[in-house]
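Below you'll find the structure, written out as structure tokens, and then a few comments.
Rule-based calculations on the coordinates, nothing more; no lab input. Only a predicted model underlies this, so the values are computations on that prediction, with no experimental measurement involved. Neighbour counts are summed over all protein chains in view; Cβ atoms, including those assigned to glycine, are modelled from backbone coordinates with ideal geometry.
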Amino acid sequence: MPRVWVLFLIVSLLWLTPASGASPRTGEQLFLAACATCHGPDGRGAPQEALGFAGVEPPDFTDCSFATREADLDWLGVAHRGGPGRAFAREMASFGAALDRAQLQSILDHIRTFCSDTRWPRGELNFPRPFATEKAFPEDEAVISSSAAIDGPGNISNKFVYEQRVGPRSQFELIVPFGWSETRGPGSGNAWEGGVGDIAVGMKHVLAYSFDRGSILAVAGEVKLPTGSESKGFGSGTTIFEPFVSFGQRLPGRSFVQVQTGAEIPFDRDHSDEGFFRIALGRTFREQEFGRAWTPIVEFTGGAEFDAPSSVHWDVIPQVQVSISTRQHILGCAGVRLPVNDRDDKDPQLVLYLLWDWFDGGLTDGW
């Protein structure tokens, strides 16, 4: 660490240690003493010539697109352990020895005031992603998911999902399914056949959210195009419109519940309309306080054709999501999809996904 940073950290420690009987300092006072040298008194970042180091540009705390995405715990982890604690720049010093948790929280509460646009949902409402249930929170991320039959004929289904946030509350989505299936060939041998499925595009918009209540509600619509081969089992043969509603709710003890319900309406009226319902319950655990996150989730999915509402097909998907990179912008999930009913017609499946929150850094960053 450069000498200027050692000197700055020592001075900060001395200034931040209150004298006996002194009244507690406010979050603004602590920010001006410990943070404003680099981040600027207005949160926009100090000029490069005033920083004393090159190649690192402080973030702009007034930029709501940046400042609202992460939960308090992620900000506190960087402040407490320093930039290297989350694979950010080493110039971000650790203040865990100088400030207690309450003081760091008061500084963060002050930083939150730099974004005055209340249209942006807070990162506390960005709950972990279940395998099947779509979240209400708008994201900038890419996900590749896979499911493979454990028993029976071989079948591997994959889906690439690209999500890009549009403004404070909306999100554009592109979905490209592809896979392979095992077919019985001539004689006693089997053959594998692959292809691309029905590509979908969609938009999602947050209707309402409440940070205090810990809830978020969004509506979305997707259009699935008949790009896959129906004869090979990779497509439906018709354009399908899929409207749905997603809801997330924070529960005590870092727990959450997420719900998605909607319908699939084919343009070809010879196909049946279908409805679906998904619910996911989970809880996040962390190594120490700011380390790797583990989230066990139990997810239930149901679907039925509208003209046969009594024939609901239910699955249960126990799974675990884990943060892989130090920056926690790359996550993985593994689980099994088990049929609750129709066990004679449906086989258990192994399910996996790899998620990259590309707004927080590249694939090779943050390790």
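What longest range of the chain stays clear of loop-exposed GluC sites (Glu not before Pro) (DSSP non-H/G/I/E/B, at most 13 other C-beta within 10 angstrom)? Let's see the in-between values first.
Details: sites that count: 230, 287, 289.
The reported range is 1-229.
Using the Cβ atoms and a cut-off under 13 Å, what net charge is assigned to the surroundings of residue 44, where Lys and Arg are +1 and Asp and Glu are -1?
Numbers: positive: none; negative: 42, 57, 60, 63.
Net charge around residue 44: -4.
Any idea what angle helix 3-16 forms with the longest principal axis of the chain, computed on alpha-carbon atoms, 0 to 90 degrees, nearest 10?
Helix 3-16 sits roughly 80 degrees off the main axis of the chain.
Would you kindly state how much longer the chain becomes between residue 300 and residue 87 on full extension, computed as 0.36 nm times their sequence separation minus their alpha carbon distance, in nm to one decimal? Walk me through the numbers before you get to the answer.
Numbers: separation 213, 0.36 × 213 = 76.68 nm, distance 3.56 nm.
That pair, residue 300 and residue 87, stretches by 73.1 nm at full extension.
Provide the net charge surrounding residue 254, with neighbours chosen by a C-beta distance below 10 Å and charges set as Lys +1, Arg +1, Asp -1, Glu -1.
+3
Report the label-to-label distance for residue 345 and residue 29 in nanometres (one decimal), using points 7 Å from each Cα along the Cα→Cβ vector.
Inter-label distance under the simple model: 7.0 nm.
With angles folded into 0 to 90 degrees, how steeply does helix 72-81 sit against the dominant principal axis of the chain? Use alpha carbons for both and round to 10.
Compared with the principal axis, the helix lies near 50 degrees.
Given q = 0.17, 0.30 Å⁻¹, what are the Debye log10 I(q)/I(0) values for region 243-301, with equal point scatterers placed on the Cα positions and solvent ignored?
-0.67, -1.15
Relative contact order of the chain, please, whole-number percent, based on alpha carbon pairs below 8 angstrom and at least 6 residues apart. Provide the component values of the computation, followed by the final result.
Details: 837 pairs, mean separation 44.2, N = 367.
About 12 percent, as a whole number.
Residues with beta-carbon under 13 Å from that of residue 122, excluding residue 122: net charge, scoring Lys, Arg +1 and Asp, Glu -1? Please list the in-between numbers first.
Details: positive: 69, 112, 119, 169, 213, 250; negative: 70, 72, 74, 109, 117, 124, 212.
Once positives and negatives cancel, what remains is -1.
Going through region 279-315, which chymotrypsin sites (Phe, Trp or Tyr not before Pro) have at most 14 other Cβ atoms within 10 Å and a DSSP loop state? The partial results should precede the final answer.
Working: sites: 285, 290, 294, 300, 306, 314; in loops: 290, 306.
Counting only loop positions with at most 14 other Cβ atoms within 10 Å, the chymotrypsin sites (Phe, Trp or Tyr not before Pro) in region 279-315 are 306.
For a quick check of your reading of the filter: which trypsin sites (Lys or Arg not before Pro) in region 309-367 sit in a DSSP loop and have no more than 12 other Cβ atoms within 10 Å? Present the calculation step by step, with values, prior to reporting the outcome.
Details: sites: 327, 337, 343, 346; in loops: 327, 343, 346.
Answer in residue order: 343.
Within 10 Å of each candidate Cβ there may be at most 14 other Cβ atoms; applying that plus a DSSP loop requirement, which trypsin sites (Lys or Arg not before Pro) in region 91-180 survive? Walk me through the numbers before you get to the answer.
Values: sites: 101, 112, 119, 122, 135, 159, 165, 169; in loops: 119, 122, 135, 169.
Listed in order of number, the matching sites are 119.
State log₁₀ I(q)/I(0) for the chain at q = 0.09 Å⁻¹ as given by the Debye formula over alpha-carbon point scatterers of equal weight, solvent excluded.
-0.61
Which value in deg cm²/dmol, rounded to the nearest 500, describes the helix-derived mean residue ellipticity at 222 nm for the chain, given -39,500 (n - 2.57) per DSSP H run of n ≥ 4 and division by the residue count? Mind dumping the intermediate values first?
Working: 7 runs with 56 residues, N = 367.
Result for the chain, helices only: -4000 deg cm²/dmol.
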